[in-house]
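J.: Here it is, the structure in full.
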Amino acid sequence: MAVVVESSPNTFSALGGVHLFDQILVALGLRRKLREILPKKTARSFDKFRAMVLGFVAGGECLDDMDKLAADQAFDVICKDVHSPITYGRFLRDFDLPNCRALNALLIETSMRLRK
């Protein structure tokens, strides 16, 4: 993956760099890989997962920080639809032990791939 820096007339945000991490998620093909891992009973599971990961990258320390991040124009554009902390809490409660184990295995596989 090549990183390209371009000038833009749009609003500048300190969180604009989150776009790079979003592109890494795409390059790793995580949407396809997580399809079988994330809870099925939650609508748009990957979008919620992706927003929380990018929120963590952007400095969010808890679910309540997602409200603060949603106020940032760049973060909101990248995530497209930032939900309330309550929605993310419900999503996380949908995880069971098999989901967590499969997610941990994917984390190990992905980290080894990134190290190569």
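J.: Among the listed residues Ala105, Ala43, Ala71, which satisfies the condition of being out of contact with any Gly (no Cβ under 9 Å at 6 or more places or on another chain), modelled with pLDDT of 95 or more and at negative phi?
T.: Checking each option against the conditions leaves just Ala105.
J.: Out of the residues in segment 95-116 that are of a type in the set (Lys, Arg) and in a helix (DSSP H, G or I), which is nearest to Ala43 (Cα to Cα)?
T.: The extreme case among them is Arg101.
J.: Just one of the numbered conditions (1) touching an Asp or Glu at 6+ places or on another chain (Cβ under 9 Å); (2) among the charged types (D, E, K, R); (3) touching a residue at least 60 places away in the same chain (Cβ under 8 Å) is not true of Arg113; which one?
T.: Just one mismatch for Arg113, condition (1).
J.: Going through segment 19-68 one residue at a time, which ones are in contact with a Leu (Cβ under 9 Å, 6 or more places away or on another chain) and among the hydroxyl-bearing types (Ser, Thr, Tyr)?
T.: The one that is in contact with a Leu (Cβ under 9 Å, 6 or more places away or on another chain) and among the hydroxyl-bearing types (Ser, Thr, Tyr): Ser45.
J.: Out of all the residues in segment 69-107, which are closer than 17 Å to Leu30 by Cα and either without any contact (Cβ under 8 Å) to a residue 24 or more places away in the chain or open to solvent by 50 Å² or more (accessible area, probe 1.4 Å) (or both)?
T.: Across segment 69-107, the qualifying residues are Cys100, Arg101, Asn104, Ala105, Leu107.
J.: Might you check whether a residue that is touching a Lys or Arg at 6+ places or on another chain (Cβ under 9 Å) and over 18 Å from Ile37 (Cβ atoms) occurs anywhere in segment 87-96?
T.: For segment 87-96, residues touching a Lys or Arg at 6+ places or on another chain (Cβ under 9 Å) and over 18 Å from Ile37 (Cβ atoms): present.
J.: Right, here's the next one. In segment 53-94, how many are among the hydrophobic types (A, V, I, L, M, F, W, C) and assigned to a loop (DSSP other than H, G, I, E, B)?
T.: Residues flagged as among the hydrophobic types (A, V, I, L, M, F, W, C) and assigned to a loop (DSSP other than H, G, I, E, B) within segment 53-94 amount to 5.
J.: Is segment 31-43 home to any residue that is within 27 Å of Arg113 (Cβ to Cβ), touching a residue at least 12 places away in the same chain (Cβ under 8 Å) and open to solvent by 60 Å² or more (accessible area, probe 1.4 Å)?
T.: Yes, segment 31-43 contains a residue that is within 27 Å of Arg113 (Cβ to Cβ), touching a residue at least 12 places away in the same chain (Cβ under 8 Å) and open to solvent by 60 Å² or more (accessible area, probe 1.4 Å).
J.: Filter segment 51-68 for residues that are open to solvent by less than 20 Å² (accessible area, probe 1.4 Å) and in contact (Cβ under 8 Å) with a residue 12 or more places away in the chain and give the result.
T.: Result: Ala51, Leu54, Gly55, Met66.
The values are calculated or read from the model by the stated rules, or taken from the named source; none is laboratory data. Small disclaimer: the values here were computed from a predicted structure and weren't measured. All Cβ positions, even for glycine, are placed from backbone atoms using ideal geometry, and neighbour counts span all protein chains on display. When the accessible area is computed, the model is the full protein with side chains, heavy atoms only, and any ligands, DNA or RNA have been set aside. Shrake-Rupley method; radii C 1.70, N 1.55, O 1.52, S 1.80 Å.
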